Amino acid sequence: MFTRVDDRLHDHPKFLKCSLSARGLWITALSWVGDKLTDGFVPHSCLGRLGARKRDADRLVEAGLWERGECDGEPGYWFHDFEDWNKAATHAEVRKRAGQNRSRVLKHRTRRSVVYKQRTPQPTVTGTTPADWSTPEDPRCRDHAKLPREHVPACRACGQARQWFTQQAMAEKQARHDAIASCEYCDDRGLATTQDTAGNDVLIRCSHNGPLPIIPAPEPVVHNPPPPEVRAWFDRQHSTRQPVVVHSASME
Ligand SMILES: [Zn+2]
Ligand SMILES: [Zn+2]
């Protein structure tokens, strides 16, 4: 699967504001969220795995490329406007796949039978679905559920299982869209701005069931006090009241 990068990105004012390491994080994380299908969310706990530091993430937030938020209780960052271009990518992918399927089917069947096939109801499965023994990535009929991938023959029932997963995914997507459309709390990405217990704005994935929750604020960063001898030195410096002259030579 591909994620898209705007070919004017290199020149974008928001991008130019960022250090090269922050840009590196942006690109690396973009590939990561595309792979993990997180809808553009990067958990804070993943920064290390992506080879980045917190200050790179902070830089992206300051530049407006990321928004601080949380997802399923995990603090992190949302790609700004991720949905806008990702939708385009998804549509392109769907169109491409539809075209491939069509040409493959037409090779073997007349147009009339294609129409008939598309309207064929899904296989009747008694009380269970292909999801009980296979996955969308590797759909199987029940008979072929346990075979190693390379031993699965060309199989009509496996194809129907694939179709079932596709329809399931489309129905879920439609349901998500409907929920977002009828929810007064979130934007059209399904994201909503709430506050944490410290009063900061936090972007969250909306659950579309009423007022937004207040998120617990992150633990404040504790700075260890300096050791006593440093403290004493600092106090001595301070008490002499001599102005501290720094780089006086280089200022002239
Ligand atoms: Zn099969
Ligand atoms: Zn909502």
Every residue in the stretch 134-146 that is over 25 Å from the mean Cα position of the chain (by Cα) and surrounded by 13 or more Cβ atoms within 10 Å (Cβ to Cβ), please. 140, 141, 142, 144, 145
The one condition residue 200 fails out of (1) under 20 Å from residue 74 (Cβ atoms); (2) surrounded by 15 or more Cβ atoms within 10 Å (Cβ to Cβ) is (2)
Test of understanding: among 171, 192, 154, 181, which residue is more than 16 Å from ligand 2 (Cβ to nearest atom), open to solvent by less than 100 Å² (accessible area, probe 1.4 Å) and modelled with pLDDT of 90 or more? 171
Residues that are modelled with pLDDT under 80, not in a helix (DSSP H, G or I) and not acidic (Asp, Glu): does the stretch 100-114 have at least one? yes
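Conditions (1) in a loop (DSSP other than H, G, I, E, B); (2) within 18 Å of residue 39 (Cβ to Cβ); (3) touching a helix residue (DSSP H, G or I) at 6+ places or on another chain (Cβ under 8 Å), marked per residue:
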site	(1), (2), (3)
165	no, no, yes
172	no, yes, no
176	no, yes, no
179	no, yes, no
185	yes, yes, no
188	yes, yes, yes
193	no, yes, no
204	no, yes, no
208	yes, yes, yes
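The values are calculated or read from the model by the stated rules, or taken from the named source; none is laboratory data. Note that the coordinates shown come from a computational prediction; the quantities given were computed from them, not determined experimentally. Please note: Cβ atoms are built from the backbone with ideal geometry, for glycine as well, and neighbour counts cover all protein chains shown. Accessible surface areas use protein heavy atoms only, side chains included; no ligands, DNA or RNA. Shrake-Rupley method; radii C 1.70, N 1.55, O 1.52, S 1.80 Å.
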